[in-house]
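See below for the structure under consideration.
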Amino acid sequence: MLKNVGESTFEEIILEKGFYVFHFQNESNEIQNFEREINSTFIQMHFCLRGKSKFLFNNGSYSFDVLDNRSILLYNPQRILPINLEIQPKTTLISLLISIEKFHSLFSKDAGYIPFLSDENSNRKFYDDAEIKPNVSIVLQQIINANINSSIKELYIKGKVYELLSLHFQKEENNDGEYCPFLVDEENVLKIRKAKEIIISRMAEPPSLQELSSEIGLNLKKLKEGFKQIYGDTVYSFLLDYKMEHARKLLESNQFNVNEVGVKVGYSTASHFIAAFKKKFGTTPKKYVMSLNK
């Protein structure tokens, strides 16, 4: 099904029972709204390739954003989570709705065994917010730009969605046991997101892990495990990557010299900053700036 509203497009593809794809494209200068009733047996995955969208719950009393190049995952067997979506101008969003049974038929070694629905986990709700991986972004673009004969388009999209799921939930080689991506419950997600905000805001002088743990009110073990599960990296490895990306953007602004940028991201000596930058990007900050000028 394809609908056009001015410069906005909404496409719905039914892959099979319990498995749907929504594609939203808002090229207008106005916010577009979308609503859909969804029962509590569905996992919702929303990928924002550009722009920004807002999800509203409880008649707008609670909301959260899906930001540019971010994905979110929602699942709550305890209550219905209808889609009430505000799509900002110049936004591209792809949503997957998949039943929990269908999901586990894809990820469990035995399709008849659903560990997520065990007595221990059956009433748990889950939320995840992650950056869209580059290989996932490519598949999303392929889904959007599929110029396929209509008779086989759904088959092509279905194959790409399977590829998308496998890449998004790709198991790390050092993980043992059967993989299920739902590892962090909603109670601790906000605390872990707060931890990320703290280390970013204090990147020049970040707190120790123990100090961070105390500040957010989460024990050290849960902080380390939860941070890795949500952001795919340890706290300080994540911070290092963030600092280098921030440094790169500061250099591109041409407002600061190399020494000033190093100080802003927490390096007391220029040599340490230069070494870290070169390790990350394969070139020195000075050579990087020179390449931009060329």
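What follows draws every value from the coordinates through simple rules; no lab data is involved. Every value quoted in this text rests on a predicted model; they were computed, and no experiment measured them. Here the Cβ is made from the backbone with ideal geometry for all residues, glycine too, and neighbour counts use every protein chain on show.
How charged is the neighbourhood of ASN69? Take every other residue with its Cβ under 13 Å from the Cβ of ASN69, and add Lys/Arg as +1 and Asp/Glu as -1.
-1
Quick one: which residues, 5+ away or cross-chain, put their amide H under 5 Å from the amide H of ILE132? H built at 1.01 Å from N.
It is ARG70, SER71, by chain and number.
Using a 10 Å cut-off on Cβ atoms, rank the peptides 18-26, 151-159 from the highest mean neighbour count down.
18-26, 151-159
Would you work out which of GLY217, ALA195, ILE230 lies farthest towards the positive end of the dipole of the stretch 186-232? Charges go on Cβ: Lys and Arg +1, Asp and Glu -1.
It is ILE230, whose Cα lies furthest towards the positive end.
Expressed as a rounded percentage, what relative contact order does the stretch 237-293 have, with Cα pairs under 8 Å and six or more residues apart?
Computed value for the stretch 237-293: 30 percent relative contact order.
So, in nm, how far is label ASN145 from label SER40 when the simple model puts each one 7 Å beyond its Cα toward the Cβ?
It is 4.2 nm.
Please compute the net charge surrounding GLN255, taking Lys and Arg as +1 and Asp and Glu as -1 over other residues with Cβ under 11 Å from its Cβ.
0
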